[in-house]
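Remarks on the structure that follows.
The values are calculated or read from the model by the stated rules, or taken from the named source; none is laboratory data. Quick caveat: nothing in here was measured; it's all calculated off a predicted structure. FYI the Cβ positions are ideal-geometry reconstructions off the backbone, even for glycines, and counts take in every protein chain you see.
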Amino acid sequence: MTSPLLLLILLVCNHAAQLGALNDEGLALLSFKESLENGTGGYLINWNSSDVNPCSWNGVTCRKDKVNALIIPNMRLAGFLSPVLANLSGIRHVNLENNLFRGSLPIELFTATRLKSLVLSGNSLSGPLPPEIGNLKNLQMLDTSRNSFNGSIPTSIVQCRKLSTLVLSQNSFSGSLPVGLGNSLISLQKVNLSYNSLGSSIPSDIGNLTNLQGVMVGVCLIGFLLSYWYKKASVCKGVQRVAGYRLEEKLMIGRDIFCFAKKDNDTLSETMEQCNFVPLDSQVNFDLDQLLKASAFLLGKSASGILYKVVLDNGEAVAVRRLGDGGGQRLKEFQTEVEAIGKIRHPNVVNLRAYCCSDDEKLLIYDYITNGDLTAAIHGKAGIISFKPLSWPVRVKIMKGIAKGLAFLHEFSPKRYVHGNLKPSNILLGEDMEPHISDFGLGRLANIAEESPSFQMEQMPSWTPPQSSPYELTPINSSPNGRHYQAPEASKDMKPSQKWDVYSFGVILLEMITGKLPSIQIGSTEMDLIQWIQLSIEERKPLSSIIDPSLAHDWREVDNIAAVLKLALACIHKSPDRRPTMKYVSYSFEKLTS
């Protein structure tokens, strides 16, 4: 028989073990959850004190058991912003966009000196922006737009020398911009201060970055505008003003911009690092020197890097993506991964032709696809009045090609790959409107290169220069609707599966059939495209009320459209096991068009 004393000891030890099971960072996050108002933390239901660490919790990402990112946008979380987030010693990325937080920013938050991105847009936060923001020496992105912040922009912000994106629009800031903003924040690429009450005088050192009535943009090739580039800015030519933007239209790439080493004191070492240039197919007829001396045009920026169109001296164009400037300790892993991706060759997958890497620089060189992306082809581009909707045969051609490319990735020997981030902005169109799946494996490569986590792509603002043609350039993950392409299970299972891709493809089919965006506004109600389709089916609405009005006149195709709609509904089944394989989907398209 167990003695009462021994039983008591066992109970106490067991209780102590339970209390000590969760590490300090998990306890800090639980404290954050407890600070929320009742009923607003439903998404955080799996935040359990019985876990050893919080790394499997919704919205939490870790590296080496340390919380690296807290990404909880669009969840209607309400309450005051808890200062306990500062207790996450390794936190790099915080995104609480489009919630209901109110009150002022806790000063303690600015002791998290490893922060790289802080996104608080679309809340009800108020008060001044604390001067302690200058403590965030590693901050690359700050977005406090669509809140009620007031007071002047603190001069200490010039101490955040790595800041490349500053979005403070739609607040109540007043006063003048800090003097020295342009010279100090030499990495600035995107600035938006619109809809504030800032003075009209603009410091001369940021005159080339700002248009005070709208978005203030400064663009240069590599996108970080470090002081070494700033001294050599004379290489930038052909400045023009287009629709309120200043665009550095043509710039020359130099080895000293791509290959460099950063020192701990944030100054630029002019000691050049030798990049290892590796061709991945026999058709590569250029070398590193030719690439770096070519003319280049900025296409856009996302969390996975900066993308350029590079035109070589012989007239050939390639797309060059610059990833993060870290990951030196994982260089071998990066090389292994990128060379595996480089072996994939299919007419409907963008070819990775070469790469260039060193401890500090990682470049991916792809085929340049001329006709932009599928989002622009379906919906046109903002600001472009003339737009010709795609015919149904062209849409079928595009859908069929995507299915072929995705089936190839899923069945490719020796590995069965997953794309994991399929959406129309990742479908590029060639001259003959043949689709090419892009960004395959990019999230993994960007993660190795120590860029922002791939799941943060949709929360990162981006900018693409306006163009005269809706198909000319490729927006880089600029759609705010990317989450609508994610399978329901994606919020719980962090490991992508092929059935994720099937679901994403199904949403793309619905978008091409209806001509509607994945998020639909009906009166004062917003619903996603899938809900709208399901509601239309439940109400037994005719097919003519579902399909794109530009297709309604061609009733010769009605049976074909109905068959594709049926296939799309199978792809978006809520149960992954009930969704078809992409091999079957591709075969079904072959039957439809045979």
key: Subset of region 538-561 [surrounded by 12 or more Cβ atoms within 10 Å (Cβ to Cβ) and either under 33 Å from the mean Cα position of the chain (by Cα) or within 23 Å of Ala487 (Cα to Cα) (or both)]   = Ile546, Ile547, Asp548, Ser550, Leu551, Ile561
request  = Of the numbered conditions (1) touching a Pro at 6+ places or on another chain (Cβ under 9 Å); (2) buried (at least 17 other Cβ atoms within 10 Å of the Cβ), Glu108 fails exactly one; give the number of that condition.
outcome  = (2)
request  = Enumerate the strands (runs of 3 or more DSSP E) found wholly within region 87-137, keeping only those where 2 or more residues are acidic (Asp, Glu).
outcome  = none
note = Cβ pairs under 8 Å, 6+ apart or interchain, first in region 533-555 and assigned by TED's automatic domain parsing to the domain that holds Ala568 and more than 22 Å from Ala377 (Cα to Cα), second small (Gly, Ala, Ser) and surrounded by fewer than 15 Cβ atoms within 10 Å (Cβ to Cβ), ordered by first then second residue, are Ser536/Ser545; Leu543/Ala562
query = Looking at region 487-508, which of the residues that are hydrophobic (A, V, I, L, M, F, W, C) and assigned to a loop (DSSP other than H, G, I, E, B) is surrounded by the fewest Cβ atoms within 10 Å (Cβ to Cβ)?
reply = Met494
ask   = Restricting region 305-324 to residues that are among the aliphatic types (A, V, I, L, M) and in a loop (DSSP other than H, G, I, E, B), which is surrounded by the fewest Cβ atoms within 10 Å (Cβ to Cβ)?
value = Leu312
message = Is it the case, given these coordinates, that Ile533 is assigned to a helix (DSSP H, G or I) and at pLDDT 90 or above?
response = yes
ask   = When both residues are 6+ apart or on different chains and their Cβ atoms are under 8 Å apart, which pairs have a first residue that lies in region 333-358 and is under 12 Å from Asp281 (Cβ atoms) and modelled with pLDDT of 85 or more, and a second that is of a type in the set (Phe, Trp, Tyr) and surrounded by fewer than 17 Cβ atoms within 10 Å (Cβ to Cβ)?
value = Ile344/Phe412
inquiry  = Against the definition (out of contact with any helix residue (DSSP H, G or I) (no Cβ under 7 Å at 6 or more places or on another chain), surrounded by 15 or more Cβ atoms within 10 Å (Cβ to Cβ) and within 15 Å of Ala487 (Cβ to Cβ)), how does Leu529 come out, yes or no?
reply    = no
